[in-house]
1. Go through the stretch 201-211 and give me each residue that's over 18 Å from Met268 (Cα atoms), of a type in the set (A, V, I, L, M, F, W, C) and buried (at least 24 other Cβ atoms within 10 Å of the Cβ).
2. Tell me which residues, restricted to the stretch 37-78, are assigned to a strand (DSSP E or B) and either in contact with a helix residue (DSSP H, G or I) (Cβ under 7 Å, 6 or more places away or on another chain) or modelled with pLDDT of 85 or more (or both).
3. Being surrounded by 22 or more Cβ atoms within 10 Å (Cβ to Cβ) and part of a loop (DSSP other than H, G, I, E, B) narrows it down to one of Phe214, Phe244, so name that one.
4. Suppose we filter Gly94, Gly145, Gly129, Gly110 for residues that are over 26 Å from Gly200 (Cβ atoms) and in the same structural domain as His63 (by TED's automatic domain parsing); which single one remains?
5. Tell me, please, whether a residue that is touching a residue at least 60 places away in the same chain (Cβ under 8 Å), under 23 Å from Pro120 (Cα atoms), touching a Gly at 6+ places or on another chain (Cβ under 6 Å) and assigned to a helix (DSSP H, G or I) can be found in the stretch 191-205.
6. Can you tell me which of Val141, Val130, Val104 is touching a Pro at 6+ places or on another chain (Cβ under 8 Å) and of a type in the set (A, V, I, L, M)?
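The values are calculated or read from the model by the stated rules, or taken from the named source; none is laboratory data. Computed from a prediction, not measured in an experiment: that's the story for all the values here. Neighbour counts run over all protein chains shown; Cβ positions are idealised from the backbone, glycine included.
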Amino acid sequence: MPAVVPTGVDLPFASLAAEIAIEAGALVRGFYNSAVATEYKGEVDLVTEADRASERLMVELLHRHFPTHGIYGEEGTRDRIDNEYRWYIDPLDGTTNFAHRYPVFCVSMGLEHRPAGLAPDEDGPILAGVIYDPTRDELFVAEKGSGAYLNGRRIHVSTTDDLGESLLATGFPSRKRHDNPNIHFYQEITLRSHGVRRAGSAALDLAYTACGRFDGYWEFNLNPWDTSAGVLLVTEAGGSVTRFDGSPFQLNSKELLATNRLLHAPLMSLFDDMFAGRNLEPILTPAEFAARRLAKAGG
């Protein structure tokens, strides 16, 4: 089914943002099909002309459709960010994948409302979120209070309630990778689930959690352009998003846990034990896992 905005639903911000994301995604797809040179914007962070061209286009279109809104972009745009509305844009989430010809990347846009009197370090509500995957022509759209959609159809988080039967996702940083503890979490959770996927696009990981392809997702040290759209998608699809300890997630949070709600408590408990180095239950053998499943099914 081609990428479409849902009809019959009031999406004043997301519908226009979706048009922008689709146009930027088409631009990125054109670069992908013709190949572009890769540069380094840090010791290990990659950037391409596709990133920069996509951000320029998104900024131009946002100025046209939302002339009073601020824009905060991954590739350096900081335009009127003290205004009441602020767009967080990632013109190409998954640049490393893109540069290596691995077709998992997207365009992401999230709109924050920052009314007068909001403290600088306080989040306003995210009103709209759009994630567009140009290689699969998949458009994820959410508007606060109006639900989450994939190519025009309403989506919901999964109903998996057993960590041992879940499929989860995570990611690893390109910068400061030696200081990141996530490999230890990856190992423990991989051995306690059906598996953990590491696709290389935080925005798509959140979108896939929203539509039930993943049962949960966690990661350290993300940025607002990575999370703003996807967090709204997950919550509007019925899921939960917090920090690892269950405290409210904010755009400047250094950790994120998004789940189908049913797995939130088990994962928080596991994170708590891993951080403290205690109470880690033995990993079930295949026979023990099968026996537990049989008992759960009433057999």
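1. The answer is Ala202, Ala203, Leu204, Ala207, Ala210.
2. Within the stretch 37-78, Thr38, Leu46, Val47, Thr48, Gly70, Ile71, Tyr72, Gly73, Arg78 qualify.
3. The unique qualifying residue is Phe214.
4. Matching residue, one of Gly94, Gly145, Gly129, Gly110: Gly145.
5. No, because not a single residue in the stretch 191-205 is touching a residue at least 60 places away in the same chain (Cβ under 8 Å), under 23 Å from Pro120 (Cα atoms), touching a Gly at 6+ places or on another chain (Cβ under 6 Å) and assigned to a helix (DSSP H, G or I).
6. Going through Val141, Val130, Val104 in turn, just one is touching a Pro at 6+ places or on another chain (Cβ under 8 Å) and of a type in the set (A, V, I, L, M): Val141.
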